[in-house]
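One structure is given below, encoded as structure tokens.
The values are calculated or read from the model by the stated rules, or taken from the named source; none is laboratory data. It should be emphasised that the depicted structure is a prediction, and the values quoted were computed from it without experimental measurement. Positions of Cβ are backbone-derived with ideal geometry, glycine not excepted, and every protein chain shown enters the neighbour counts. For the accessible areas, the whole protein counts, side chains as well, though only heavy atoms, and no ligand, DNA or RNA atoms are used. Shrake-Rupley method; radii C 1.70, N 1.55, O 1.52, S 1.80 Å.
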Amino acid sequence: MTPSLREKFLTYLLVIIILVVFMTPIYLILVSSLKPSPIMFSRPPRFIFTPTLQNYYDLFTMRPFHLQILNSLLVALGSTAFSLTIGTMAAYAVSRIKHRRINDVAFWILSMRMFPPIAVVVPYYIIFKTMGLLDTPLALIIVYSTFNIPLTVWLMKGFFDEVPEALEEAAQVDGHGVIATFFRVTLPLTAPGLAVSAVFCFIFSWNEFLFALMLTGSKSQTVTVAVMSFWSSDAVQWGRIMAGSFVILIPGVIFVLTCQRWLVKGLTMGSVKG
Amino acid sequence: MSSVTLRKVVKRYGQVEVVHGIDLSVEEGEFVVLLGPSGCGKTTTLRMVAGLEDISAGQLEIAGRVVNDVAPKDRQIAMVFQNYALYPHMTVRQNMEFALKPQKLAANEVSARIAEAARILGLEPLLARKPAQLSGGQRQRVAMARAMVRTPKVFLFDEPLSNLDAKLRTQVRVEIAKLHRRLGTTVLYVTHDQVEAMTLADKIVIMKDGHIEQVGSPEEVFAKPRNLFVATFIGSPAMNLLPAKVAVVNGAPVLVANGFRLAAPPSIVSALDPGASVTLGIRPSDIRVDEAGDYEAVVEVDEYLGTEVLLNLRAGNHELVAQVPAAARPAPDRQSVRIGFDAARLHVFDTQSGEAIR
Amino acid sequence: MSHTANRDRRIAAVFLIPAIVVLFATTIYPMLYALWLSFRNYDLAKPFIPRIFVGLANYAEVLTSKAFFHALITTFKLMAMTLSAQLVLGVGIALLVSQKLPGMALARTLLLIPMMISPVIVGLVWLFLYFPELGYLNYFLGLVGIGPVPWISSTQWALTAIAIGDIWQWTPFIMMGTAAALQSLSPEPYEAARIDGNSRWDVFRYVTLPQLKPVLVSLLFLRAIDAFKIYDIIFVLTKGGPADATEVISLYIYRQSFTFWRMGVGAAASFVSLIIISVLITLFFKQMQRGQAARAR
Ligand SMILES: Nc1ncnc2c1ncn2[C@@H]1O[C@H](COP(=O)(O)OP(=O)(O)OP(=O)(O)O)[C@@H](O)[C@H]1O
Ligand SMILES: [Mg+2]
């Protein structure tokens, strides 16, 4: 039986209010990024105006934002590739090994992702400084792997758990070794998992701020740090901040709109069934 | 006054109509079984009675009151679900209490009803357990107890036995029959298992593709199937069907079926048109196998079932299954037997329409 | 040696060792380095003082300092504010958008967007809304006769302002987890309750909530662990101020290390915070293992 008309009306009213509240900040980023500076804070706020791409133009010309995008891409893709390789293999081990302590190993790996970044910023700074890696993409690739590897392990473990072991046993009976079985039989069956893990690794790296702020200088600055720097300079460049913010949030929004059903798995580490 | 009445009840999902105007009345205290193949609309019909599905058109009355727009809770019904629908985090007792909560009864009345239901269904030792700690049969009984404590006007069951193994199914079936005898409450029961239907029902409703094919007592639907569908659906092994023509010999109609010439059942002689194409139906148990038989048949396979034997026979072009008592089993080396038919026990259907000729 | 143990060993050697080595090098080693630092007088502002071993002096300083305890309390205050609001709102919204009505799937999807936005951007957009004199939020509140509220410029409001930003970003997390859990509940008990006539509140209170509880506990643990680490949004909005009103643990460590350049003290505080969060993480893992065991049954 369907809810009554009044209930439906109330439901939709509430949902619309909730959507307005939750979408307004995002909408403001877009609108403000297209707003000419003089009317940025006009009273009453103006939502109808001739949009301008001036802020975006400034974003890419007054500072090399495209280079910062490249830095971010390099770091995010690098860390994704590295974490995916190492993490997927570990996930397979965690999923297949029968030893009763293997769960402890899995939880130990997961815990590596949960410690506060600020606690290790200083050691990273000193270590990278002595290694000459400060202000290089490699430093961030390494650091981001510390939370991307555990993420991959837990996501992929879920996918491997679902591949029936009988398939692998069949391959082994046919004479394939452990490694051949993994690459020829198991891995192809978990392709969706690989894609999802990759996207998560990418987005988390792309969005990261604290380490990027502390471990990069002008050379390998990433987009999040760059946008923040428009704020710290003498006058607040709201137009450019909003334009930059909009560019930064594009990958995340695309991800949500296309793969929302994987978000539960990725964000709860399998503690909630998706 | 009947307890449940459906008048031209229709169910549509969007454009698709899955129940096409059903008329049915369930008398007070009657045990009515909806029987039919998968997807024929039994569950949908039951859920409309429960109020869990809207009725697209037509009228539904429960206890003389039109309840189309009445909420499930106000229909004075109780339902036993296929998967039992027990609250997994509540004990058996809590499950029953929660079902009674809306009735706002005094505490001692609640415990009295629970005690009574537990006694009748043998659940006393299980009251403190949770559903996960019960066997399938026990869960089933809890689901019935939970429905029972509410003292509804009508019980609705949706394939309550389909999750049980064969032995348990027989047991619980008997329990349901006993429960009905004891409480005398009206029951509407859905199943696709004809044994359940035949053993439990006062009245069987045979459905197909959202239509009712026949309504009748188990004896009626077995002995007088109204059409080919009912004839073949009821009875196991299924009725033998032979295409035949109506001929007239010496002024009396005779059914000619490729080598067989059978006298027409006396009751329908007047209804047979000479030259018409008909389908003959012969239940396996109605085939006589003895020396006095009129026709020769070859035994291709015989299946021994303990008390009886199924003979797969070939007689001319016809393949027939005959069911005979084990004592009458032909010797294993016998290649052929003689068979005969009893005119009064023949079923004759119009081939075109599939309707029984009466 | 049994055949399976043998196979375990081979898989471990090839597949597991690389990850463990990498994680040791990139996580455990820096933590040990922090531990080492925490026993030293590592003060970058005073480069001429030798970086000697000072025993537990840094820990003594941290554990007796008012500022550290203030930061600890502020962290838990913020955690309490955000978690309670996220729980109530998240579950409420989940119940609302889990109804089988047209458009609800879209609403569920749209509501997930805040989670995937960089925390810096979240900070910046809320800064834009809160901005003294200019921010839109006070303008709109003014229209309905509220305010102006000195969101980030008063010690009274700053923590709330930060909480609102975090609630905005992470209420969808509770919503999403709850909606997923709701979907996995079987519909039949709800139909049974409808036939029995249980009130909506009773159904929620006695049927839905008990079944959601394990999921909600897990979700809250994850939120608590994140809330303990909160940094970016505060860095953008208030940098721990005004005064020390929003100085949570992370900001305290940041200030010790990078404002006062007292790396040793910062490292000691880091270690204390690692110990606290380890407790949270351990409790969460216990909960998760319980969940796995329950599901395996
Ligand atoms: N929600 C729905 N939307 C569209 N069609 C439906 C829906 N529910 C059921 N149907 C269709 O209605 C028809 C009747 O379904 P119903 O569940 O009543 O069958 P049934 O007789 O109970 O079968 P079974 O013995 O398999 O349980 C089926 O063809 C089914 O596909
Ligand atoms: Mg059904």
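Rounded to the nearest 0.05, what FRET efficiency do residue B:174 and residue B:271 give with R0 = 30 Å and r taken as the Cβ-Cβ distance? Could you check?
Numbers: r = 41 Å, r/R0 = 1.37.
Working from the Cβ atoms, E equals 0.15.
Of all the Cα-Cα pairs you can form in the range B:126-200, what percent are over 21 Å apart?
Working: 689 of 2775 pairs.
Tail fraction, whole percent: 25.
Just tell me which lysines come within less than 24 Å, Cα to Cα, of residue B:8; anything on the same chain fewer than 8 places away is out.
Hits, sequence-local ones excluded: B:42, B:73, B:153, B:203, B:208.
If you count only protein heavy atoms and use a 1.4 Å probe, how large is the accessible surface of residue B:291, to the nearest 10 Å²?
Rounded to the nearest 10, that gives 130 Å².
Rolling a 1.4 angstrom probe over the protein heavy atoms, how many square angstrom per residue are accessible across the protein assembly as shown?
Averaged over the residues of the protein assembly as shown, the accessible area is 43 Å².
Take the range A:5-55, drop everything but the C-alpha atoms, weight them equally and run the Debye formula without solvent; then report log10 I(q)/I(0) at 0.18 Å⁻¹ to two decimals.
The Cα Debye sum returns log10 ratios of -0.65.
Rounded to the nearest 100 Å², what is the buried accessible area between A and C, both sides summed, probe 1.4 Å?
9000 Å²
Let me have the 222 nm mean residue ellipticity of chain A computed from DSSP H runs of 4+ only, each contributing -39500 (n - 2.57), with the sum over all residues rounded to the nearest 500.
-23500 deg cm²/dmol
Which of the helices in chain C, when you take each full DSSP H run, stretch at least 20 Å along the axis at their Cα atoms and have an average Kyte-Doolittle score of 0.5 or higher? Show your work: numbers first, answer last.
On the way: long enough: C:66-97 (45 Å, 1.60); C:158-184 (39 Å, 0.94); C:209-229 (29 Å, 1.03); C:263-296 (47 Å, 1.10).
Long hydrophobic helices here: C:66-97, C:158-184, C:209-229, C:263-296.
Just name one of B:66, B:191, B:76: the one whose Cα is farthest towards the positive end of the charge dipole of the range B:4-230 (beta-carbon charges, Lys/Arg +1, Asp/Glu -1).
B:76
Can you give the charge dipole size of chain C about its Cα centre, rounded to the nearest 20 debye, using +1 on the beta carbon of Lys and Arg and -1 on the beta carbon of Asp and Glu?
Here the size comes out at about 800 debye.
Run the simple label-point estimate for residue B:232 and residue C:69 please: 7 Å along Cα→C-beta, distance reported in nm.
Between residue B:232 and residue C:69, the label points sit 8.7 nm apart.
So what are the three principal axis dimensions of the range B:4-230 from its Cα atoms, in whole Å, longest to shortest?
Sorted largest first, the three principal extents are 50, 39, 30 Å.
Across the Cα atoms of the range C:109-226, what radius of gyration and what greatest pairwise Cα-Cα distance (Dmax) are found, in Å?
Considering the range C:109-226 through its Cα atoms, Rg and Dmax are 19.4, 57 Å.
I need the semi-axes of the equivalent ellipsoid of the protein assembly as shown: take the C-alpha gyration tensor, multiply each eigenvalue by 5, square-root it, list largest first in whole angstrom. Can you show the working numbers first?
Details: eigenvalues 1037, 222, 150 Å².
Semi-axes from the Cα gyration tensor: 72, 33, 27 Å.
Give me the inter-chain shielding for C:219-228: mean count of other chain Cβ atoms within 10 Å, whole number please.
Mean partner shielding for this stretch: 2.
Counting helices only, and only those DSSP H runs with n ≥ 4, report the 222 nm mean residue ellipticity of chain B as the sum of -39,500 (n - 2.57) divided by its residues, in deg cm²/dmol to the nearest 500.
-7000 deg cm²/dmol
Can I get the semi-axes of chain C's equivalent ellipsoid? Compute them from the C-alpha gyration tensor as square roots of 5 times the eigenvalues, in angstrom, largest first.
Working from the Cα gyration tensor, I get semi-axes of 39, 33, 16 Å.
Using the Cα centre of chain B as the reference point, and only Cβ charges (+1 on K/R, -1 on D/E), how large is the resulting charge dipole? Debye, rounded to the nearest 20.
Value, rounded to 20: 1460 debye.
Based on the Kirkwood radius over alpha-carbon pairs, what is the Stokes-Einstein translational diffusion coefficient of chain A at 25 °C with 0.890 mPa s viscosity, in µm²/s? Don't jump to the answer; show the numbers that get you there.
Numbers: Rh = 21.7 Å.
This corresponds to a translational diffusion coefficient of 113 µm²/s.
If I require 15 Å or longer along the helix axis, counting alpha carbons, and a Kyte-Doolittle average no lower than -0.5, what helices from chain A are left? Use full DSSP H segments. If you can, show how the numbers build up before the last one.
Details: long enough: A:5-33 (40 Å, 1.87); A:65-96 (45 Å, 1.08); A:118-131 (20 Å, 1.70); A:137-161 (34 Å, 1.21); A:191-207 (24 Å, 1.47); A:238-268 (36 Å, 1.23).
Flagged H segments are A:5-33, A:65-96, A:118-131, A:137-161, A:191-207, A:238-268.
Tell me the label-point distance for the pair residue B:20, residue C:84, using the 7 Å Cα-to-Cβ offset, in nm and rounded to one decimal.
Distance between label points: 6.2 nm.
Relative to the isolated chain, which residues of the range B:46-80 have their accessible area cut by 40 Å² or more in the presence of all protein chains (1.4 Å probe, heavy atoms, no ligands or nucleic acids)?
B:52, B:54, B:72, B:73
Say R0 is 41 Å: what FRET efficiency, to the nearest 0.05, do residue A:253 and residue A:131 get from their beta-carbon distance? Write out the running numbers ahead of the final one.
Numbers: r = 36 Å, r/R0 = 0.89.
With R0 = 41 Å, the Cβ-Cβ based efficiency is 0.65.
Over the Cα atoms of the range C:137-293, how large are the radius of gyration and the largest Cα-Cα distance (Dmax), in Å?
21.3, 68
Please report, as a whole percent, how much of the solvent-accessible surface of the protein assembly as shown comes from carbon and sulfur atoms (probe radius 1.4 Å).
61 percent
As an exercise, use a Förster radius of 25 Å and the Cβ-Cβ distance of residue B:342 and residue B:256 to find the FRET efficiency, rounded to the nearest 0.05.
On the way: r = 18 Å, r/R0 = 0.70.
Calculated transfer efficiency: 0.90.
Taking loop as defined by DSSP and a crowding limit of 10 other beta carbons within 10 Å, which trypsin sites (Lys or Arg not before Pro) in the range B:21-114 fit?
B:104
Return the Rg/Rh value of the range A:156-274, two decimal places, where both radii are evaluated on C-alpha atoms and Rh is the Kirkwood radius.
Dividing the radius of gyration by the Kirkwood radius yields 1.18.
What is the spin-label model distance, in nm, from residue B:305 to residue C:186 if the labels are put 7 Å beyond Cα along the C-beta direction?
Computed distance between label sites residue B:305 and residue C:186 equals 3.3 nm.
Starting from the range A:31-113, pick out the trypsin sites (Lys or Arg not before Pro) whose DSSP state is loop and whose Cβ has at most 12 other Cβ atoms within 10 Å.
Qualifying residues, ordered by number: A:98, A:100, A:101.
For residue C:66, which aspartates and glutamates qualify as cross-link partners when the Cα separation must be under 15 Å and same-chain residues fewer than eight apart are set aside?
Excluding near neighbours in sequence, the set is C:244, C:247.
Just in the range A:69-173: which GluC sites (Glu not before Pro) are loop by DSSP and have at most 12 other Cβ atoms within 10 Å? Intermediate results must be reported in sequence, preceding the final value.
Details: sites: A:162, A:165, A:168, A:169; in loops: A:162.
Of the GluC sites (Glu not before Pro), the ones in loops of the range A:69-173 whose Cβ has at most 12 other Cβ atoms within 10 Å are A:162.
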